[in-house]
Amino acid sequence: MSSAKLIVVSAPSGCGKGTILAKAFENRDVYFSISCTTRKPRKGEVDGKSYFFISQEEFDRMIKDNEFLEYAKYNKNSYGTPKIPVFEHLARGTDAILEIETEGAFKVKKAFPDAVLLFILPPHLTDLLRRLQKRGTETNEVILERFSHAQGEIKKAYRYDYVIMNDDLDEAVKDFLTVVDSVRNEDGRAYAFSTKNDEIVKMIEGVLINA
Ligand code: 5GP
């Protein structure tokens, strides 16, 4: 059996997840899963790199042919993780990272209990709203929808294995790598970020209370 890890990372959109992951793994050999989505590309997104941008018909065909590891709806669009590349990399001993929303994360955990579920919290919900507005790629309606979805997602952070907070990018990258390395080495350092740890539960409560 390969000891490679399947690492599932979720965060409310606008939380800096992409930046943390890119920095954390810039010099590491990991596989970043590329999802399929029926959402239209945003400015700057490249097909086959950011996502595979596909039609709903093609998405439905992939479901039918059992090509997804998991899939879910988010803001009226479909998103799914192609199964084969993830399995191939894990079999070769390469860790695989899935950046997916909560519903998909729980499906992965159910099918693969060894998967590590990690949630990235924003320090404040108001800060998150500001970041979404600053991005300037969406209408106000979409921003508000994403914001209310984000609140719902944070409530689910309790069900993740580990939670880190992105209040400082370098710290968040360090914390993220502590969890990943500790889980791989089974050295117990990840407990500081575990949802079995009361401090982490209080941290999640703090973000929700300060909405
Ligand atoms: P966005 O439209 O902002 O790129 O992504 C919206 C949400 O969909 C994010 O939370 C992102 O992590 C999630 N997502 C991206 N790919 C997948 C996927 O393959 N499966 C699931 N379940 N969620 C995904």
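Every number here is computed from the coordinates shown, using simple stated rules; none is lab data. Because the structure is a prediction, the values reported are computed rather than measured. For neighbour counting, all protein chains shown are included, and Cβ atoms are generated from backbone atoms with ideal geometry for every residue, glycine included.
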Open item on the list: Going by amide H atoms built from the backbone, whose H comes under 5 Å of the H on Asn166, apart from near neighbours?
Closed with: Leu121
Task: Helical segments meeting 15 Å axial Cα length and Kyte-Doolittle -1.0 threshold in the chain (DSSP H) - done: 125-135, 140-155, 169-185, 198-209
Open item on the list: From the phi angles alone, apply the Karplus equation (6.51, -1.76, 1.60; θ = phi - 60°) to segment 70-79 and give each ³J(HN,Hα) in whole Hz, x where the residue is Gly or Pro.
Closed with: 7, 8, 7, 9, 8, 6, 6, 10, 9, 9
- [ ] Using only Cα atoms, figure out Rg for segment 46-186 and give it as a multiple of 2.2 N^0.38 Å.
- [x] 1.14
Open item on the list: For a quick check, take a GNM of the chain with Cα springs below 10 Å and name the residue from Ile20, Ile63, Ile34 with the largest mean-square fluctuation.
Closed with: Ile63
TODO: Distance check, please: which entries in Lys40/Lys156; Lys64/Lys110; Lys76/Lys174 exceed 31 angstrom between their Cα atoms?
DONE: Lys76/Lys174
Open item on the list: Around Val183, under 11 Å between beta carbons, what's the net of Lys plus Arg minus Asp minus Glu among the other residues?
Closed with: -3
Task: Amide H partners (placed H, <5 Å) of Glu70, local residues excluded - done: Thr81
- [ ] Quick one: among Val116, Val179, Val30, which has the greatest mean-square fluctuation in a GNM of the chain with alpha-carbon springs under 10 angstrom?
- [x] Val30
- [ ] Please give the contour-minus-distance gain from His149 to Arg189: 0.36 nm per residue of separation, less the Cα-Cα distance, rounded to one decimal in nm.
- [x] 11.3 nm
- [ ] Could you sort out which of Lys5/Lys196; Lys109/Lys196; Lys23/Lys107; Lys43/Lys109; Lys83/Lys107 sit more than 24 Å apart by Cα distance in this structure?
- [x] Lys23/Lys107; Lys43/Lys109
